[in-house]
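Enquirer: Before I ask anything, let me first share the structure, which is written out below as structure tokens.
The values are calculated or read from the model by the stated rules, or taken from the named source; none is laboratory data. Values in this document were obtained by computation on a predicted structure and should not be read as measured data. Here Cβ is always computed from backbone atoms with ideal geometry, including for glycine, and neighbour counts include all displayed protein chains. Heads up: the accessible areas ignore ligands, DNA and RNA and are worked out on the full protein's heavy atoms, side chains in. Shrake-Rupley method; radii C 1.70, N 1.55, O 1.52, S 1.80 Å.
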Amino acid sequence: MTFPVVGMVGGGQLARMTHEAGIPLGIRFKLLSDTPQDSAAQVVNDVVIGDYRDLETLRAFARGCDVITFDHEHVPTEHLRALEADGVRVRPGPDALVHAQDKGVMRARLDAIGVPCPRHRIVSDPGDVAAFAAELAEGEGAGEGEGAGEGDGRTDGFPVVLKTVRGGYDGKGVWVVDSAEEAAEPFRAGVPVLAEEKVDFVRELAANVVRSPHGQAVAYPVVESQQVDGVCDTVIAPAPGLDEELALKAEQLALTIAKELGVVGHLAVELFETRDGRILVNELAMRPHNSGHWTQDGSITSQFANHVRAVLDLPLGDPRPRARWTVMANVLGGDYPDMYSAYLHCMARDPQLKIHMYGKDVKPGRKVGHVNTYGDDLDDVLERARHAAGYLRGTITE
């Protein structure tokens, strides 16, 4: 029997961990990577070094692959349409993926299907930003987030969040501006800019779902995602203290988005929980996601394994958690490049600790790995995860 070949575009840690999930199933991977040193290129056997922005490179890479999927959303949409026209299975397809590639397209589509979002508008210059802020102050503007940005005492509609519609991640391509005078920088990139109200939220949540081509879908428990300087720091599964009705609404919202957009594979829906008890959609990601890394050790079937199953149209696995609580803490690079020397302490202190490293050079602030802990006592599970991540980084020394 010939097992299928999954073509993965992008050589980062998501590709590395998706490949790992396919190994027990006998699934073969072919990787299109920028360099031989990329995280996944270190472990995948069949690696092609090339530029994902070049259509002929993509066409050559696709030969011999049964399906193409991604560890990032940056492949030009028109190239993916060309691959589909060639008969290549692209999952998720360009008609779905464009909603994770272009924030303006995403907001327009979510509005059309009635998904609650922050108030927003595409803006053309700082003067347009000021006009949008004035609309917010008057309680007008597009979207479903009316009133969510109130509560800071200002009456001019500022601060306003500005995002380049393509290319941003981990806080890049995002600005919070307090006046029209501060709004010039985003327009220098030469791409459309999306203005959004600054939501008055209690916390950030994420709803992770997986959908297959024939429409089977599964939902993981809604998690709390804690950010530091625009980068995910800690994920708690399930989100503590989340109202059961609101959790169910978030799961159903994510499943609806996956169906309406025709998503195949993993979909992460990043959410704001507002102070008045609503949820608003912040961002979408159509690939395995940092908010789902906890599933490697905390659920019966991980996000990575279910993504592989989905793109191959295999039956999806059980997403239920294995423990009452699971916590994921990102390991960021610090001033101590030799993280391996910290293993002795971390493993001896917590034999249940799960460490996942990405094979990356250590640079300050760079995501180089994550740890997962689990158990019945949330305070204990949180402390163990944060201690291990801090010790590996070098910010905790005992």
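Enquirer: Please identify the pairs in which a residue from the range 348-359 that is closer than 21 Å to S299 by Cα has its Cβ atom under 9 Å from the Cβ atom of a residue that is part of a loop (DSSP other than H, G, I, E, B), counting only partners at least 6 apart or on another chain.
Expert: Close Cβ pairs satisfying both conditions: H356/H293; Y358/G12; Y358/S39.
Enquirer: Here is a follow-up. Could you please let me know if L253 is outside any loop (DSSP other than H, G, I, E, B) and open to solvent by 20 Å² or more (accessible area, probe 1.4 Å)?
Expert: Yes.
Enquirer: Limited to the range 377-387, what total is found for residues that are of a type in the set (A, V, I, L, M, F, W, C) and either under 13 Å from D233 (Cβ atoms) or open to solvent by 40 Å² or more (accessible area, probe 1.4 Å) (or both)?
Expert: 2
Enquirer: Would you confirm, using the coordinates I've provided, whether G64 is at pLDDT below 95 and not hydrophobic (A, V, I, L, M, F, W, C)?
Expert: Here the answer is yes, as G64 does meet what is asked.
Enquirer: Picking from R275, R324, R320, which residue would you name as being modelled with pLDDT under 95 and surrounded by fewer than 23 Cβ atoms within 10 Å (Cβ to Cβ)?
Expert: From the options R275, R324, R320, the qualifying one is R275.
Enquirer: Is it the case that V75 is closer than 30 Å to I355 by Cβ, open to solvent by less than 50 Å² (accessible area, probe 1.4 Å) and assigned to a loop (DSSP other than H, G, I, E, B)?
Expert: no
Enquirer: Something else: Within the range 80-123, work out how many residues are open to solvent by 30 Å² or more (accessible area, probe 1.4 Å) and in contact with a Phe, Trp or Tyr (Cβ under 8 Å, 6 or more places away or on another chain).
Expert: Selection size over the range 80-123: 1.
One line per residue, one yes/no per condition, for (1) open to solvent by 40 Å² or more (accessible area, probe 1.4 Å); (2) at pLDDT below 95; (3) charged (D, E, K, R); (4) part of a loop (DSSP other than H, G, I, E, B):
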site: G7; (1), (2), (3), (4): no, no, no, no
site: G11; (1), (2), (3), (4): no, no, no, yes
site: A15; (1), (2), (3), (4): no, no, no, no
site: I23; (1), (2), (3), (4): yes, no, no, no
site: L32; (1), (2), (3), (4): no, no, no, no
site: A41; (1), (2), (3), (4): no, no, no, no
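Enquirer: Here's another thing I want to ask about it. Hey, among Y391, Y336, Y374, which residue is in a helix (DSSP H, G or I) and either open to solvent by less than 80 Å² (accessible area, probe 1.4 Å) or not hydrophobic (A, V, I, L, M, F, W, C) (or both)?
Expert: Step by step, each of Y391, Y336, Y374 is checked, and only Y391 is in a helix (DSSP H, G or I) and either open to solvent by less than 80 Å² (accessible area, probe 1.4 Å) or not hydrophobic (A, V, I, L, M, F, W, C) (or both).
Enquirer: Give the residue, chosen from G334, G369, G365, G359, that is at pLDDT below 95 and under 21 Å from the mean Cα position of the chain (by Cα).
Expert: Selected residue: G365, the only one of G334, G369, G365, G359 that is at pLDDT below 95 and under 21 Å from the mean Cα position of the chain (by Cα).
Enquirer: Report, by residue number, each residue of the range 167-194 that is more than 21 Å from V231 (Cβ to Cβ), in contact with a Pro (Cβ under 6 Å, 6 or more places away or on another chain), open to solvent by 30 Å² or more (accessible area, probe 1.4 Å) and not charged (D, E, K, R).
Expert: The one that is more than 21 Å from V231 (Cβ to Cβ), in contact with a Pro (Cβ under 6 Å, 6 or more places away or on another chain), open to solvent by 30 Å² or more (accessible area, probe 1.4 Å) and not charged (D, E, K, R): A184.
Enquirer: Cβ-Cβ below 8 Å, separation at least six or inter-chain, first residue in the range 91-103 and assigned to a loop (DSSP other than H, G, I, E, B), second at pLDDT below 95: which pairs?
Expert: Listed pairs, sorted by first residue: D102/V165; D102/R166.
Enquirer: List pairs: first residue in the range 195-218 and modelled with pLDDT under 95 and open to solvent by 40 Å² or more (accessible area, probe 1.4 Å), second residue polar (S, T, N, Q) and part of a strand (DSSP E or B) anywhere in the structure, Cβ distance under 7 angstrom, at least six positions apart or on different chains.
Expert: These pairs meet every condition: D200/T274.
Enquirer: Which residue pairs have Cβ atoms under 8 Å apart, sit 6 or more places apart or on different chains, and have a first residue in the range 39-64 that is more than 14 Å from E78 (Cβ to Cβ) and a second that is of a type in the set (S, T, Y) and open to solvent by 40 Å² or more (accessible area, probe 1.4 Å)?
Expert: From residues that are more than 14 Å from E78 (Cβ to Cβ), the pairs are A41/T35; I49/T35.
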